[in-house]
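Any read-out appearing in this document is the output of simple, stated calculations on the displayed coordinates, not a laboratory observation. Bear in mind the structure is a predicted one, so any value in this text is a computation, not a measurement. So basically every Cβ, Gly included, is an ideal-geometry build from the backbone, and we count neighbours across all protein chains shown.
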Amino acid sequence: MAKILIVDDEAPLRTMLSHMLIADNHEVIVAEDGGQGIKLYHEGMPDLVISDLVMPNKNGIDMILELKRDYPDLRLIAISGGGGITGAFDYLPTAKLVGADSILKKPFGIQELRDALKKSLGN
Ligand SMILES: [Mg+2]
C-alpha cells in the first residue's frame, strides 16, 4: 500500500483513477493542476505522484521540474493523451527527460498502471 497523489485537470479521470487505486488498497490524494499538486505534495508527502501533463495554471512538466528540484528522489508516473489524434504536442517524452519513472499514454489499462506503480515503488 502506498500514498499516491493524483494530479489531473479532468475530474472524471481523477475519480476513475482514485477508485482503481483505492480498490488496490492505496491511499489517495487528488489535485486538479500543477500548482495544487505541488502544494499537496509538500503537505501530504506521498510515496508517488501520478500526473497529467496538459493542465491549466501550472502544467505537469513545470510541476515535475519544481518537485524534482526540492525532492530529487521524487517518484512519478506521467500520463497524457499525447499527440497524434488531436494534433496536440506529445509531452510524454519530455516528462521522461525531466525525471518521470514511467510514462503512460491515455487511455491505459489497470495492469499497465499496476506495472508502472510496481516499477516506481519497487515492490
Ligand atoms: Mg489535462
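Once segment 57-82 is narrowed to residues that are away from the ligand (no atom under 16 Å from the Cβ) and acidic (D, E), the residue that is nearest to I4 (Cα to Cα) is D73. In segment 39-56, of all residues being among the aliphatic types (A, V, I, L, M) and within 16 Å of the ligand (Cβ to nearest atom), the one that is nearest to the chain's Cα centre (by Cα) corresponds to I50.
Being more than 13 Å from the ligand (Cβ to nearest atom) and crowded, with 18+ Cβ neighbours inside 10 Å is a property that L5 has. Which one is surrounded by the fewest Cβ atoms within 10 Å (Cβ to Cβ), of the residues in segment 22-38 that are of a type in the set (G, A, S) and within 16 Å of the ligand (Cβ to nearest atom)? That would be G35. Just one of (1) part of a helix (DSSP H, G or I); (2) within 17 Å of R114 (Cβ to Cβ) fails for P12. It is (2). Determine if segment 54-71 includes at least one residue that is closer than 19 Å to D115 by Cβ and in contact (Cβ under 8 Å) with a residue 12 or more places away in the chain. No: zero hits.
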